[in-house]
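Asker: Take a look at the following structure, please.
Derivation of every value follows stated rules applied to the coordinates shown; laboratory data play no part. Not measured: the values here are computed from a predicted model. When we count neighbours, we look across all protein chains shown, and the Cβ atoms used for this are built from the backbone with ideal geometry, even at glycine.
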Amino acid sequence: MAPEPGRITGFVLVVAAVAAVAGVLFGFDTGVISGAILFINEEFSLTSVMSEVAVSSVLMGAIVGALFGGPFSDRVGRRSSILAASLIFIAGTFVVVLSPIFSIFIVGRILIGIAIGVASFVAPLYISEIAPENIRGALVSLNQLLITVGILIAYGVNYYFAAAGDWRAMFLAGVIPGTVLLVGMFLMPRSPRWLVFMNRPADAGRVLKKIRGTADVSDELGQIERSVRTEGAGTWSDLVAPAVRLPLLLGVGLAVLQQATGINTVIYYAPTIFQFAGLAEATASIAATVGIGVVNVLVTLVAIRLVDRAGRRPLLLWSLAGMGIAMLILGVGFALESGGAGGAAVSLGQVTAVSLIIYVAAFALGLGPIFWLIIAEIYPLSVRGLAMSLATVTNWAANFIIAATFLSLVDLIGESGVFLLYALVALFAWLFVFKLVPETKGLSLEQIEAYFRSRGRPGG
């Protein structure tokens, strides 16, 4: 008997889980630099600007990887792109670990960034193209879950090696998930939608039968083939077509706002922020950051359970409200401390810890996983790789700007001013989602495409 529509077969779960290991690479590198930078600063005698370069150089590479990853994934396939990313990640890690001088360290960081830039959007794209529609949100969100797991692993690795100050060992641990992804993806099938796009419907049918657990996939295969025939092969100029304009605005807008709310300053600089708040010892500040990593993982698990039940829009709105409130509390706390209101019953360190926990929990509930889910859902198949590439480039570029300017911005307007600025951005992001983001829960990728095509028509 054929399985019920939307049932999670064992194989589709394995495929999604293996591809989502790309998220571990993303998360591990995001988290490992937060602890390693404290010791890299000492070894290479870095200035504040050089420290910002050490953190943000990986983002420069990610921009390059995301920019070329879209056309690359459309040409060679989603699976092959993830395999290439894992190889580049491993190579970049060894360059970092063996670097005798700061400039070579930066080269390794850029290589790692290229790998993450490709993997950060090709993995959720691949998962979205193999997942049944009524569980697509949960399966794509596995990627975000493993990003948070990667961050937590990195925090644990940082804590383990902090006493010795061995930042090279911190980075070396990243070879393990890189190798797991390389071997795992070698055994996985190609995306059935990409196979149809490349005029290989027989191969696509075989993959669909395996991942759906049924011999009858004619309806789904026919729907994909009709979508490909309607759209044809996409080019960069097709991104300004009427049916693509609103999805493009949503993807690029959410890409900027996800970063402009300050999430990766918290992830990259959490130990530094705790030191700002008075937790001076490096090991203690890293230990406090581990708690934030645990919260990130646990709340992402909750989001995975809710995303196909509550929907994308409600989780995004609740997420942004919580993030804005947390940044407001943190900004006010630093303002009171600098204004001489310290010594109250609640210390700045306690306010910082509570605020960051609320902030990360709110991010993990919505904006973290759902951004990647939405950009994997809303674009037509013909331009999906290109459009996701553009949204991801925008996300990494915003990430780079925020990370590269955080310490300088703190010097300019103070900790309080920076966190209050993030609170204002969260308010704007809430209004953006409320006004523009539609609900895509329970719809097939082809139904979502038809919705935006109708919105792109005159009077639509």
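Asker: Can you tell me the FRET efficiency between residue 219 and residue 427 if r is taken as the Cβ-Cβ distance and R0 is 56 Å, rounded to the nearest 0.05? Intermediate results must be reported in sequence, preceding the final value.
Answerer: Details: r = 44 Å, r/R0 = 0.79.
Computed FRET efficiency for residue 219 and residue 427: 0.80.
Asker: Any idea what the relative contact order of the chain is, in percent, if you count C-alpha pairs under 8 Å spaced at least 6 apart?
Answerer: Relative contact order comes out at 25 percent.
Asker: Along the positive direction of the dipole of segment 10-455 (beta-carbon charges: Lys, Arg +1; Asp, Glu -1; about the Cα centre), which of 176, 269, 325 reaches farthest?
Answerer: 176
Asker: Which one of 372, 99, 16 has its Cα pushed farthest toward the positive end of the charge dipole of the chain, where Lys and Arg give +1 and Asp and Glu give -1 at the Cβ?
Answerer: The Cα lying farthest towards the positive end belongs to 16.
Asker: Per residue of the chain, what 222 nm ellipticity follows from adding -39500 (n - 2.57) for every DSSP H run with n ≥ 4, rounded to the nearest 500?
Answerer: Using -39500 (n - 2.57) per qualifying helix, the result is -27500 deg cm²/dmol.
Asker: Rounding to the nearest 10 and keeping the result within 0 to 90°, find how far the Cα-based axis of helix 201-212 lies from the longest principal axis of the chain.
Answerer: 60
Asker: Would you please put 373-386, 212-225, 64-77, 420-433 in order of how densely packed they are, using the mean number of other Cβ atoms within 10 angstrom per residue and starting with the highest?
Answerer: Numbers: 373-386: 25.6, 212-225: 15.7, 64-77: 20.9, 420-433: 19.1.
Top to bottom by mean Cβ count within 10 Å: 373-386, 64-77, 420-433, 212-225.
Asker: Placing +1 on the Cβ of each Lys and Arg and -1 on the Cβ of each Asp and Glu in the chain, which of 257, 311, 51 has its Cα farthest towards the positive end of the resulting dipole?
Answerer: 311
Asker: Mind listing P(r) for the chain? All alpha-carbon pairs, 10 Å bins, whole percents.
Answerer: In whole percents, the pair-distance histogram is 5, 22, 32, 25, 12, 4, 1, 0.
Asker: Take residue 76 and residue 166, extend 7 Å from each Cα along the Cα→Cβ direction, and tell me the distance between the two endpoints in nm.
Answerer: 3.4
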